[in-house]
Number of protein chains: 2
Amino acid sequence: MLDRIELKPIGIVKTKAVGKEVTDRSNISQIVLHQILAEALDGIEEFSHLFVLFWMHEISKEESKKLKAHPRGRSNMPLLGIFATRTPYRPNPIGLTLVEVLKVEDNTITVRGLDAVNGTPILDIKPFDYWDIAENARVPDWWMKLEKEKTRAH
Amino acid sequence: MLDRIELKPIGIVKTKAVGKEVTDRSNISQIVLHQILAEALDGIEEFSHLFVLFWMHEISKEESKKLKAHPRGRSNMPLLGIFATRTPYRPNPIGLTLVEVLKVEDNTITVRGLDAVNGTPILDIKPFDYWDIAENARVPDWWMKLEKEKTRAH
């Protein structure tokens with residue numbers, strides 16, 4: 001099996017959000033790609049939504065070794081395996097967020113809903129399509145409970 | 001900006017599919033994690049669907065430098081920037097696929113719908129929830145046209 005995999009960021013997140021405010025779904029960010037990749041965006045404006053894959057660079061090696069977490073760090077929520085949550089503390093701290101496209105211009109995409117802080121390295125961008133929807137998906141009770149609080153339930 | 005990012009696979013895909021047959025949505029695979037990560041799956045069985053992030057290890061360095069592609073390699077489809085498609089030819093060839101959970105046992109998840117060949121390194125697993133759905137998402141005409149052919153339109 002492959003032992004190590006090496007990635008290179010394709011660009012960076014620019015946003016005024018630097019802390020917890022990134023979890024606000026109305027947050028607007030710019031995804032600024034390396035100039036050489038600008039033409040790799042041709043046609044992306046025809047999609048209303050994208051998945052952004054980013055590297056959560058603020059997670060330490062120690063934090064990425066955790067195997068269990070409470071959703072959103074809430075001790076009144078069950079202690080779960082990290083793969084049953086969207087916690088940033090995971091072996092490969094890759095973030096995955098669905099965002100709305102507001103504007104595409106040259107090497108920059110302006111999006112709404114990206115929960116990545118200013119300066120976050122971007123790994124990939126994928127257009128959202130109907131293969132990405134699970135109809136009638138089942139989620140746990142704890143998820144529904146957090147959802148009622150109107151915050152990201154990860 | 002970060003120059004290079006190093007990942008370690010968390011496990012591997014086991015499936016009978018080794019070629020184009022992986023694009024069949026009914027394909028069943030096993031995701032086998034490193035034994036030490038087994039407890040990081042606790043609670044994942046409460047979700048019906050997961051996103052699997054995997055490393056498309058068969059893509060060469062040369063192939064990952066492409067900036068343009070025809071969806072599904074079809075020359076009668078528009079030539080697009082690779083970020084407007086789900087082509088495996090991308091700077092960081094990370095695959096992202098929504099799968100259905102069939103069974104979770106120890107360090108192994110049996111899933112339906114994973115389009116990754118046997119031996120593919122797994123990077124991350126994320127539970128699918130309602131924040132991952134874009135209601136009324138807009139997709140291009142070419143996507144709808146391919147979709148009518150009942151195959152993956154990437």
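The values are calculated or read from the model by the stated rules, or taken from the named source; none is laboratory data. Everything numeric here is computed off the predicted structure, so don't read it as measured data. Cβ atoms come from the backbone with ideal geometry, glycine included; neighbour counts cover every protein chain shown. Side chains are part of the model used for accessible areas, which takes the heavy atoms of the whole protein and leaves out ligands, DNA and RNA. Shrake-Rupley method; radii C 1.70, N 1.55, O 1.52, S 1.80 Å.
Couple of notes before you dig in:
- When each of B:P71, B:P93, B:P127, B:P121 is tested for being in contact with a helix residue (DSSP H, G or I) (Cβ under 7 Å, 6 or more places away or on another chain) and at the interface with another protein chain (Cβ under 7 Å from one of its Cβ atoms), the lone residue that passes is B:P127.
- Taking the range A:1-24 as the range and being of a type in the set (D, E) and within 29 Å of B:K8 (Cβ to Cβ) as the test, the residues that pass are A:D3, A:E6.
- Subset of the range B:109-130 [in a strand (DSSP E or B) and either farther than 22 Å from A:P140 by Cβ or touching a Gly at 6+ places or on another chain (Cβ under 7 Å) (or both)]: B:P121, B:I122, B:L123
- Any chance B:S48 is farther than 27 Å from A:I122 by Cβ, out of contact with any helix residue (DSSP H, G or I) (no Cβ under 9 Å at 6 or more places or on another chain) and modelled with pLDDT of 95 or more: yes
- So B:L102, is it hydrophobic (A, V, I, L, M, F, W, C), surrounded by fewer than 19 Cβ atoms within 10 Å (Cβ to Cβ), farther than 25 Å from B:R4 by Cβ and away from chain A (no Cβ under 11 Å): yes
- Whichever residue in the range A:5-20 is surrounded by 14 or more Cβ atoms within 10 Å (Cβ to Cβ) and closer than 20 Å to A:T87 by Cα and, among such residues, is nearest to the other protein chains (Cβ to nearest Cβ): A:V13
- Hey, B:T97 open to solvent by less than 40 Å² (accessible area, probe 1.4 Å), polar (S, T, N, Q) and closer than 28 Å to A:G43 by Cα or not: yes
- Checked against (1) under 13 Å from the mean Cα position of the chain (by Cα); (2) more than 10 Å from every other protein chain (Cβ to nearest Cβ); (3) farther than 20 Å from B:V52 by Cβ; (4) assigned to a loop (DSSP other than H, G, I, E, B), A:P88 meets all criteria but (3).
- Residue satisfying condition, being over 30 Å from B:R25 (Cα atoms) and of a type in the set (D, E), within set A:E135, A:E39, A:E100: A:E39
- Residue tally, condition open to solvent by less than 80 Å² (accessible area, probe 1.4 Å) and closer than 17 Å to B:V101 by Cα, over the range B:31-45: 9
- Scan of the range A:121-150 for residues that are open to solvent by 60 Å² or more (accessible area, probe 1.4 Å) and not acidic (D, E), ordered by number: A:Y130, A:N136, A:R138, A:M144, A:K145, A:K148, A:K150
Here is a yes/no grid of residues against (1) within 20 Å of B:V18 (Cβ to Cβ); (2) at pLDDT 95 or above:
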residue	(1), (2)
B:M77	no, no
B:I82	no, yes
B:R90	no, yes
B:V99	yes, yes
B:P121	yes, yes
B:E135	no, no
B:K145	no, no
